[in-house]
Amino acid sequence: MFKKFFSLFMVFLLMPMASAGQNAAKECSELVPNGWSPSLEQTQTLIEDELAAKARKNQRFLTQTSQGMADLRDAQLFVVYVQLMHFLDAGERRELFNEQKCWLSRRELSARTAVDSKGGSLEPLEYSEAFRKITEERLAELEKRLTEKQTNTEKKQIKDERQP
Amino acid sequence: MNLTAKQKRICEQVVNVFETGTIHGKYGSISIYRDGPHKIRQITYGRSQTTEYGNLYELVQLYVDANGTFSNQLSPYVEKIGVTPLVDDKQFKKLLRDAGRKDPVMHRVQDDFFDKRYFQPAMAWADKNGFSLPLSALVIYDSFIHSGSILYFLRKRFPEMPPAKGGDEKIWIRQYTDARQDWLANHQLTILHATIYRTQCFKGEMARDNWDLSQLPVDANGVDVFGD
């Protein structure tokens, strides 16, 4: 069930955001319309609940669920990355872009390193779980930076409004 | 390893349950995982999970040669498998799914193929290392399906030698199963803890001394396996 919801979400939300990102690099100083802050939390809860509730978990279920959670975290990271870009000037955006590019390469390597199996059905489960864990760490980091930027912007706005 | 047809079926059915939750496996099952070359997404197909950049080419070629119901429609895809990404090709995936669900020829091709690719190598490893008991065959086959082999780092975690080097078969299998369970149950990737239903099943069969797999059913993750 969550797969259908997730696919629709990706099509309707992320495609315009990606397109917005490309346009912004050319001419626009803003990336995300004010107040647009999509949430994937309910979908995430649904998957986690299903994982916890299922009595007899087989390998296919575990791997597909893990892959779903990893994809979801990756989508959340993408959203936060775009939202953070919104608060940066041109130089900072370039820096974040390069930083994220390097991190993406490192993520693949780190996730691969975490796999012990030499093939078999456990291998993709090990990979997707490591992928999710690494992505969650990065997500927390970018969320922190986003919160800081948002707070600073709000403070600046209040200060500007108070000035005669 | 001289298994009877029934003992071999028990091994296959137990592992089918571990993998898919069903005794006969899911011949038409398709999953997409990020485990292709350079970790790109790829198709994983069939009863025992063959991959787009692994052995799917060979499996589909065998099916095309066997003149199954969907062989003509799958034929043009053979030369593309592993060369052109087919992970988003809806028609290809539908044909694979339909062949696996509806065509007994695909079932037979997969049974033969997976026997050659997974069961025989596992039994060759067992023979080479001096194992002869049916429950040992199940434990070893399961490791080949689950982790691709008997992982070397696990062998280093227990002292018993394999029978070919003078060790005791039952002690080796017990210690190996314990080491495997310990690894899975305490893995830093916590979702792996949920996979110990496999080793728990083996430990249950050892506890009732079912080394010849004659006491049926075998309780595989809550599903009764009779080997019929």
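Quick notes on this structure:
- Residue that is modelled with the lowest pLDDT, among those in segment A:22-55 that are within 15 Å of the chain's Cα centre (by Cα) and of a type in the set (Gly, Ala, Ser): A:SER37
- Residue that is nearest to the other protein chains (Cβ to nearest Cβ) [pool: residues in segment A:109-120 that are surrounded by fewer than 17 Cβ atoms within 10 Å (Cβ to Cβ) and under 12 Å from B:HIS38 (Cα atoms)]: A:ARG112
- When every residue of segment B:164-172 is checked against the conditions, none turns out to be within 14 Å of chain A (Cβ to nearest Cβ) and buried (at least 17 other Cβ atoms within 10 Å of the Cβ).
- Qualifying residues in segment B:23-48 (those that are in a loop (DSSP other than H, G, I, E, B) and touching a residue at least 60 places away in the same chain (Cβ under 8 Å)) - the one nearest to B:ILE81 (Cα to Cα): B:GLY46
- Test: residue in segment A:76-86 that is closer than 30 Å to A:GLY119 by Cα, within 14 Å of another protein chain (Cβ to nearest Cβ), out of contact with any strand residue (DSSP E or B) (no Cβ under 9 Å at 6 or more places or on another chain) and hydrophobic (A, V, I, L, M, F, W, C): no
- Output for segment B:18-46, where each listed residue is more than 7 Å from every other protein chain (Cβ to nearest Cβ), surrounded by 21 or more Cβ atoms within 10 Å (Cβ to Cβ) and hydrophobic (A, V, I, L, M, F, W, C): B:ILE43
- B:PHE158 meets all of the listed conditions (1) closer than 21 Å to B:ASN16 by Cα; (2) outside any helix (DSSP H, G or I); (3) touching a residue at least 12 places away in the same chain (Cβ under 8 Å) but one, namely (1).
- Residue in segment B:93-104 that is at pLDDT below 95, in contact with a Lys or Arg (Cβ under 9 Å, 6 or more places away or on another chain), within 14 Å of chain A (Cβ to nearest Cβ) and surrounded by 15 or more Cβ atoms within 10 Å (Cβ to Cβ) present: no
- Residue check for B:ASP115: farther than 29 Å from B:ARG47 by Cβ, of a type in the set (Asp, Glu) and either in contact (Cβ under 8 Å) with a residue 60 or more places away in the chain or surrounded by fewer than 19 Cβ atoms within 10 Å (Cβ to Cβ) (or both): no
- So B:GLN175, is it farther than 24 Å from B:THR50 by Cα, assigned to a helix (DSSP H, G or I), free of Cβ contacts under 8 Å to residues at least 24 places away in the same chain and within 13 Å of chain A (Cβ to nearest Cβ): no
- Counted as qualifying within segment B:97-151 are the helices (runs of 4 or more DSSP H) with 3 or more residues that are polar (S, T, N, Q), namely B:134-147.
- Close Cβ contacts (under 7 Å, 6 or more residues apart or on different chains) running from residues in segment A:60-74 that are more than 9 Å from chain B (Cβ to nearest Cβ) to residues that are surrounded by 19 or more Cβ atoms within 10 Å (Cβ to Cβ) and polar (S, T, N, Q) comprise A:LEU72/A:THR43; A:ARG73/A:THR135; A:ASP74/A:THR135.
- Among residues of segment B:136-148 that are within 20 Å of B:LYS170 (Cβ to Cβ) and away from chain A (no Cβ under 13 Å), those with a Cβ under 9 angstrom from a residue that is surrounded by fewer than 24 Cβ atoms within 10 Å (Cβ to Cβ) and of a type in the set (Lys, Arg), sequence gap 6+ or separate chain, pair up as B:SER136/B:LYS170; B:ALA137/B:LYS8.
- Residue, nearest to the other protein chains (Cβ to nearest Cβ), within segment B:179-202, restricted to residues that are surrounded by 17 or more Cβ atoms within 10 Å (Cβ to Cβ) and of a type in the set (Val, Ile, Thr): B:ILE191
The values are calculated or read from the model by the stated rules, or taken from the named source; none is laboratory data. The model shown is predicted, which means the values in this text are computed figures rather than measured ones. Note that each Cβ is placed from the backbone with ideal geometry, even for glycine, and that neighbours are counted across all protein chains shown.
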